[in-house]
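Before any comments, here is the structure.
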Amino acid sequence: MNLRPYQNDAISGICQALRECDSTLLCLPTGCGKTVVFSKAAQMASKRVMVIAHRDELISQACDKIHKLTGERPEIEKAERYSDERTMFPAKYVVASVQTLNAGVGDGKRVNRFNPDDFSLVIVDEAHHAVATSYRNVISHFQRNPSCKLLGVTATPDRADEVGLKNVFESVAYEYSLPEAISDGWLVPIRSMTARILGLDFSGLRDVGGDLHQGELSRIMEEEGQLHGVVDETLRRMGDRKVLVFTVSVAQSKLLAQIFDRHIPNCARFISGETPPDERRQTIRDFETGKFRILCNCMVATEGFDCPSIGMVVVARPTKSRSLYAQMVGRGTRPLPGVVDGDVPDRAGAIARSGKPDCIILDFAGNAGRHSLASMPDILGGKLKERAVEIVKKIVEEADGKPVDIIAELERAEAKAQIEEKEKKEAEKRRLIKGRAKVDVKELESFRVYGIAPRNEPRYRVLPLSEGQKDLLRKQGVEFERLDTWKQRELFKETVRRFKQNLCSYRQAKILRRFGYSADCSFEQAKSIIDRLAQNNWSKT
């Protein structure tokens with residue numbers, strides 16, 4: 001199996017991180033193949049590998065990918081299924097349910113069937129759950145072997161309860177953001193729309209565990225007027241797209257499906273955790289094959305749900321959790337099968353010409369009061385300044401239901417926020433009349449040359465550049481020595497990106513900037529401009 005460029009970078013990052021520490025985290029957006037990456041990491045392990053997940057779909061996906069990549073079928077430890085450890089040569093890979101590993105009491109716990117000394121790697125799928133006691137108990141068991149490494153993989157490192165993953169993982173091996181994946185043509189562009197429903201009021205709801213009180217929220221979202229508002233707006237905007245609807249309760253999901261069917265007979269069905277497994281699987285298959293177009297679900301299609309033909313995601317369950325919101329959005333960002341795989345020179349163009357050129361995310365707004373609800377600017381904003389995210393949230397709010405290019409607006413808002421911040425700092429300096437020297441901005445010159453903004457400090461420890469990576473920056477003339485570790489890594493990533501995309505080099509960009517040209521051009525175009533400048537005695541006129 002040929003890995004994508006960022007997947008190869010992720011594998012390199014994992015190898016480097018686990019050489020330097022005992023645990024690390026991989027962050028890839030939904031649809032970017034994190035199961036493929038951790039399967040490759042498992043293949044490289046020297047001893048046995050334990051993969052831990054919490055849902056049947058995730059366990060099945062892990063088994064299928066590991067088998068496809070390695071040729072060896074993993075054993076499963078789940079409920080009545082036991083991995084066969086009585087054989088002389090047990091399988092290298094075990095995929096287990098975290099609930100099953102915690103089953104039993106004392107020495108009779110299922111996890112005690114496994115000798116930690118036999119394992120060199122433990123992989124936690126959907127690792128944002130890893131701070132839970134059930135996961136930490138299992139991890140602690142395997143960490144009795146000091147040589148056993150820990151790898152967590154997730155699309156959403158944030159948690160609503162703000163319990164940091166740094167309590168479990170020492171570093172981040174590799175992080176690839178949703179905007180990067182869209183820009184690089186691996187995921188489809190997002191068109192964000194907001195529909196306002198009169199009377200929708202969340203201002204009086206309580207907070208529980210960092211999110212809105214689910215019982216109180218359910219009562220609001222199950223009201224007849226709200227349900228008809230969701231259905232009317234969805235039908236008005238969906239066109240010929242396949243639609244996935246997220247709800248806060250089983251009752252809301254069931255009622256929405258019924259109301260959709262009143263408008264278009266047999267167009268909608270619903271599933272929830274209460275739906276029998278066989279019926280749930282059949283309903284999902286029917287949705288994937290196009291037997292109906294609208295699937296309403298209550299907390300079933302968040303993790304491990306893979307249906308690339310979804311063209312619209314309806315968020316009919318407001319949340320304060322960025323993690324949950326990102327999981328919902330991620331169900332619609334995959335391109336259609338075969339569109340970007342293989343040797344495709346223009347992936348973004350291939351997506352634009354495909355049967356799924358983008359994905360609509362439809363939010364339903366109301367009076368949030370003191371609550372700060374998660375939305376697309378939060379997810380695509382990533383590490384940008386909070387002020388930039390606030391600016392774009394206001395733009396979306398005032399768009400009156402029209403689609404907004406969130407990424408483009410965030411780029412403009414980030415630049416505006418940086419100017420505002422600089423002006424604020426300068427005003428503060430003047431007010432205090434302090435005789436401090438002005439901040440030396442030369443260290444940020446490299447970012448200006450590239451035309452990018454340095455990101456905020458990451459949530460996790462970032463591994464320093466290797467000497468080989470530093471040598472690459474030195475050869476390019478990039479000024480980085482006095483920068484912090486995370487800024488150095490940002491410059492290295494940008495240097496590699498420009499090389500891969502045949503954009504002008506750092507030295508070329510520096511000359512172009514000096515003469516007022518844009519640095520967003522190819523190596524050949526930059527060379528042509530610089531040659532003309534040299535021939536004209538370094539003058540534009």
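The values are calculated or read from the model by the stated rules, or taken from the named source; none is laboratory data. Since the model is a prediction, treat every value here as computed from it, not as a measurement. Note that each Cβ is placed from the backbone with ideal geometry, even for glycine, and that neighbours are counted across all protein chains shown.
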Check: Mind checking which residues of the stretch 4-34 are over 15 Å from Ser171 (Cβ atoms) and surrounded by 23 or more Cβ atoms within 10 Å (Cβ to Cβ)?
Finding: Leu28, Pro29, Thr30, Cys32, Lys34
Next item on the list: Search the stretch 453-480 for residues that are closer than 30 Å to Thr156 by Cβ and pair each with any residue that is at pLDDT below 85 and assigned to a strand (DSSP E or B) when their beta-carbon atoms are under 9 Å apart and the residues are at least 6 apart or on different chains.
Entry: none
Margin query: What's the number of the only condition in (1) in a loop (DSSP other than H, G, I, E, B); (2) in contact with a helix residue (DSSP H, G or I) (Cβ under 8 Å, 6 or more places away or on another chain); (3) hydrophobic (A, V, I, L, M, F, W, C); (4) at pLDDT 85 or above that Phe305 fails to meet?
Written below: (4)
Notebook entry, point to check: Taking the stretch 21-41 as the region of interest, how many residues are part of a helix (DSSP H, G or I) and in contact with a Pro (Cβ under 9 Å, 6 or more places away or on another chain)?
Noted result: 0
Check: Any residue in the stretch 4-13 that is within 20 Å of the chain's Cα centre (by Cα) and among the aliphatic types (A, V, I, L, M)?
Finding: yes
Next item on the list: Determine, yes or no, whether Val243 is assigned by TED's automatic domain parsing to the domain that holds Met193, of a type outside the set (Phe, Trp, Tyr), touching a Leu at 6+ places or on another chain (Cβ under 6 Å) and surrounded by 15 or more Cβ atoms within 10 Å (Cβ to Cβ).
Entry: no
Checklist line | Complete set of residues in the stretch 259-303 that are acidic (Asp, Glu) and touching a Leu at 6+ places or on another chain (Cβ under 8 Å) | finding: Glu303
Note to self: Which of the numbered conditions does Asp158 fail, given that it passes all the others? Conditions: (1) crowded, with 19+ Cβ neighbours inside 10 Å; (2) at pLDDT 80 or above.
What the structure shows: (2)
Checklist line | Among the residues listed as Lys493, Lys540, the single one being within 30 Å of Glu175 (Cα to Cα) and charged (D, E, K, R) | finding: Lys493
